[in-house]
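Asker: Have a look at this one.
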Amino acid sequence: MGILNCTPDSFSDGGHWHDVDHAVDGALAMIEAGATVIDIGGESTRPGAVRVPAQSQLDRVLPVIEGIRAQSNTPITIDTTLASVAEAALDVGADAINDVAAGLEDSDMLALASRRDCGIVLMHRLGPPDTDHYSDAYEAPPAYADVVGEVRSWLEVRAQAALEAGVHNASICIDPGLGFGKSVAQNWSLIAASDQFVATGLPVLGAASRKSFIGAVTCEPNPAARDAASAAVAAMQHAGGVRLFRVHDVTVHAAALASLDDAGIASTSGAQEG
């Protein structure tokens, strides 16, 4: 899943894909490099980000979706917490929703996914971006008695809510929300327990790319210089059975993950289907 942030303030590529033509070309390059999904967002979800109204998100993402769709049938996900943005994106060619609020910020989101019979990614977080901190910047770590068990249970509850709203089981993907309301150590605990999320039977999204908890252990302050380490984290998640990855550098990740698949390296718990 290639990341295409059509924003001026994302933590790694803010402003890079702000021009529509450049963003479309970037998406096509990601597809050529091996991306099988393009994830497009018009609002940064980095800690401390200022919230962006629906119309501004639409102005940023709709022309890009239309431009990609005119040249490619590759699936597109719309990264938003607002149902109105998601629906407009679906109308112009997006295929699924990536909601970092798991349907809790907009009560119409799960009903929309049901009505449009589309896929939806449900991510765990403790709060919206403007109340969050980078993983390496907490004065005290977020309070979890058992971060793995609590995040998994929370995601199962949100998946059940989606089912009750009419979303098909095969249309639901879960994301443990690495970097969202977790300390550095808590993120690594979630990565080590990837198999426990795969064991839910739902597809799991691995979304570690370039995040601050990687920089904390590699001593690399520049997010764009964390791609090799990000691919190593993806390999760890792959060993736990994860098979869907949201990444900035498609070339690096596609090569790393393909080498694992070519070598026949499988998880101890069995790779997820989907």
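The values are calculated or read from the model by the stated rules, or taken from the named source; none is laboratory data. This is a predicted model, so every value here is computed, not measured. Because the Cβ atoms are built from the backbone with ideal geometry, glycine has one as well, and the counts that use them run over all protein chains shown.
Asker: Please name all residue pairs, on different chains or six or more residues apart, with Cβ atoms under 8 Å, provided the first residue is in the range 108-125 and is over 14 Å from THR81 (Cβ atoms) and the second residue is modelled with pLDDT of 95 or more and among the acidic types (Asp, Glu).
Answerer: What qualifies is ARG116/GLU87; CYS118/ASP95; GLY119/ASP95.
Asker: Still on this structure: Test each condition in (1) closer than 23 Å to ASN187 by Cα; (2) modelled with pLDDT of 95 or more; (3) touching a Ser or Thr at 6+ places or on another chain (Cβ under 9 Å) for PRO128 and report the one that comes out false.
Answerer: (2)
Asker: Another one. Which residue pairs have Cβ atoms under 8 Å apart, sit 6 or more places apart or on different chains, and have a first residue in the range 51-67 that is under 21 Å from GLY127 (Cβ atoms) and basic (Lys, Arg) and a second that is assigned to a helix (DSSP H, G or I) and at pLDDT below 95?
Answerer: Listed pairs, sorted by first residue: ARG51/PRO129; ARG51/ASP130.
Asker: Checking the structure you have, find out if any residue of the range 134-145 is of a type in the set (A, V, I, L, M, F, W, C), buried (at least 24 other Cβ atoms within 10 Å of the Cβ) and farther than 21 Å from ASP95 by Cα. Talk me through it step by step, then tell me what you get.
Answerer: Taking the range 134-145 as the starting set, the residues that turn out to be of a type in the set (A, V, I, L, M, F, W, C) are 137, 140, 143, 145.
Still in the running and buried (at least 24 other Cβ atoms within 10 Å of the Cβ): none.
No, because not a single residue in the range 134-145 is of a type in the set (A, V, I, L, M, F, W, C), buried (at least 24 other Cβ atoms within 10 Å of the Cβ) and farther than 21 Å from ASP95 by Cα.
Asker: Which of the residues that make up the range 136-147 are assigned to a loop (DSSP other than H, G, I, E, B) and touching a residue at least 12 places away in the same chain (Cβ under 8 Å)? Lay out the reasoning, then the answer.
Answerer: Within the range 136-147, the subset assigned to a loop (DSSP other than H, G, I, E, B) is 138-146.
Once the filter is applied, which keeps residues that are assigned to a loop (DSSP other than H, G, I, E, B) and touching a residue at least 12 places away in the same chain (Cβ under 8 Å), the range 136-147 yields TYR138, PRO141, PRO142, TYR144.
Asker: Please give the strands (runs of 3 or more DSSP E) falling wholly within the range 9-116 in which 2 or more residues are surrounded by fewer than 16 Cβ atoms within 10 Å (Cβ to Cβ) and of a type in the set (Val, Ile, Thr). Walk me through how you get there before you give the answer.
Answerer: Values: elements: 38-41, 76-79, 96-99.
In the range 9-116, no matching strands (runs of 3 or more DSSP E) lie anywhere.
Asker: Can you name the condition, by its number, that SER269 falls short on among (1) modelled with pLDDT under 95; (2) part of a helix (DSSP H, G or I); (3) over 23 Å from ASN5 (Cα atoms)?
Answerer: (2)
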